[in-house]
Amino acid sequence: GPFPPQHQGLGGSPSIYPDVWINLVFLPLFTILGILHFSLFLYNKNKRRVLFPFNAATMGFCATRTIATSLRIAWAHQPRNIHLAMTAQIFVYAGVIILIISNLWWTVRIVRAQNPRLGWSKPITALIPLPIILSVAMILCLIVSVCIIFYLPDPFHQLVGRTIQQTGAALFALWSLLPFPILLISICLARPNSHTDNFGDATAGLGLKNTIPTKIFVCITSALLLASGATFRAITNFAPQIPLEAEPPWYFSKPCFYVFNFTLEISVVAFWLVIRADKIFHTPNGAKGPGSY
């Protein structure tokens, strides 16, 4: 081994045209956005004494995308290089969960602001690390699944690899959709006249007032974009397997790959930068318990 894949996947194998050109657009965009997010992280940390790790995490995500686009360009030039194909696939899988978890974390902050006693209760506080722990474990499993699929061509191991990938795609889709029910419950439970523990700066990017509705708008918009991609990937993972020589169905096409992966992701990363997520969602360092925002 490694052996070439036996079935078609989302986006197929990249070719010089159009893949190299598309990746040559995304590569510098992700690189620039990553640098901007990290600069903002350092500016907040050193100048404003505000620690907002999500900017650094978003830079980490952009780094996975810079690597993924570079690998796809290399793979297009060396289509028979299976190691390149494998590594490119791993980097496409590994990144987006960073954005999904960030949005979920901010959703919890909104719950704590609207319903402090519920949001800071022991069961909720104990549940918060769960998506992170499960996601890290799932990414490691996904990396293993790519190795299984490329190195063990027998039907049993192919099924094992595919099942791991389906589980991962379903889990990431679930995390991406969670802000919708959580925010709905939080809005319904918030008493109209009760004190809301608002947080962050008074104004956000684009001159927006940083109110709870602004925060909800940002989380819902981000969740719509992230869930569209994650749900599409989950559904295509469960679609029937198609042999390589057959005509690819529309949902495995290159446009679908680039729209539901890089385009949606770059929209979220740029949106957070323009709207200044760091001003909207930062909480005082060491905030613990109701009313500490």
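The values are calculated or read from the model by the stated rules, or taken from the named source; none is laboratory data. The structure presented is a predicted model; accordingly, all values stated were derived computationally and were not measured. Positions of Cβ are backbone-derived with ideal geometry, glycine not excepted, and every protein chain shown enters the neighbour counts.
Report yes if some residue within region 246-259 is basic (Lys, Arg), touching a residue at least 24 places away in the same chain (Cβ under 8 Å), buried (at least 19 other Cβ atoms within 10 Å of the Cβ) and over 17 Å from Ile101 (Cα atoms); otherwise report no. Among the residues of region 246-259, not one is basic (Lys, Arg), touching a residue at least 24 places away in the same chain (Cβ under 8 Å), buried (at least 19 other Cβ atoms within 10 Å of the Cβ) and over 17 Å from Ile101 (Cα atoms), which makes the answer no.
Residue-wise test of (1) among the hydroxyl-bearing types (Ser, Thr, Tyr); (2) not in a helix (DSSP H, G or I).
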{"residue": "Leu159", "(1), (2)": "no, no"}
{"residue": "Thr167", "(1), (2)": "yes, no"}
{"residue": "Ile185", "(1), (2)": "no, no"}
{"residue": "Leu224", "(1), (2)": "no, no"}
{"residue": "Pro248", "(1), (2)": "no, yes"}
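Beta carbons closer than 7 Å, at least 6 apart along the sequence or on distinct chains, pair a first residue in region 149-173 that is under 22 Å from Ala230 (Cα atoms) and surrounded by fewer than 16 Cβ atoms within 10 Å (Cβ to Cβ) with a second that is modelled with pLDDT of 95 or more and not β-branched (Val, Ile, Thr) for Gln166/Asn237; Gln166/Phe238. For first residues located in region 176-194 and exposed (fewer than 15 other Cβ atoms within 10 Å of the Cβ), partners that are of a type outside the set (D, E, K, R) and lie 6+ apart or on another chain with Cβ distances below 6 Å form the pairs Leu189/Asn115. Residues of region 1-49 that are assigned to a loop (DSSP other than H, G, I, E, B) and among the small types (Gly, Ala, Ser): Gly1, Gly9, Gly11, Gly12, Ser13, Ser15. From the list Ile124, Ile133, Ile128, Ile139, the one residue that fits, being within 30 Å of Lys288 (Cβ to Cβ), at pLDDT below 95, surrounded by fewer than 19 Cβ atoms within 10 Å (Cβ to Cβ) and within 21 Å of the chain's Cα centre (by Cα), is Ile128. Can you find a residue that is part of a helix (DSSP H, G or I), without any contact (Cβ under 8 Å) to a residue 40 or more places away in the chain and not charged (D, E, K, R) anywhere in region 89-102? Scanning region 89-102, I find at least one residue that is part of a helix (DSSP H, G or I), without any contact (Cβ under 8 Å) to a residue 40 or more places away in the chain and not charged (D, E, K, R), so the answer is yes. All of (1) surrounded by 17 or more Cβ atoms within 10 Å (Cβ to Cβ); (2) over 25 Å from Gly286 (Cβ atoms); (3) among the aromatic types (Phe, Trp, Tyr) hold for Trp106 with one exception: (2).
Let's see how each residue does on (1) surrounded by fewer than 19 Cβ atoms within 10 Å (Cβ to Cβ); (2) of a type in the set (A, V, I, L, M, F, W, C); (3) closer than 30 Å to His157 by Cα; (4) modelled with pLDDT of 95 or more:
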site	(1), (2), (3), (4)
Asn23	no, no, no, yes
Leu33	no, yes, no, yes
Leu36	yes, yes, no, yes
Tyr43	yes, no, no, yes
Ala57	yes, yes, no, yes
Ala63	yes, yes, no, yes
Ala76	no, yes, yes, yes
Ala85	no, yes, yes, yes
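Here Pro153 meets the list (1) of a type outside the set (Ser, Thr, Tyr); (2) part of a helix (DSSP H, G or I); (3) closer than 30 Å to Met86 by Cβ; (4) more than 23 Å from the chain's Cα centre (by Cα) almost entirely, failing just condition (2). All conditions in (1) within 30 Å of Pro5 (Cβ to Cβ); (2) surrounded by 13 or more Cβ atoms within 10 Å (Cβ to Cβ) hold for Leu224, with the sole exception of (1).
Please verify whether Trp75 is of a type outside the set (Gly, Ala, Ser), assigned to a helix (DSSP H, G or I) and more than 30 Å from Ile149 (Cα to Cα), treating the condition exactly as stated.
So Trp75 does not fit the description; no.
Working carefully through the options Thr163, Thr196, find the one that is part of a loop (DSSP other than H, G, I, E, B) and not charged (D, E, K, R). Before you say what the answer is, go through the steps one by one.
Working: Thr163 fails: part of a loop (DSSP other than H, G, I, E, B).
Thr196 is the lone residue from the list that is part of a loop (DSSP other than H, G, I, E, B) and not charged (D, E, K, R).
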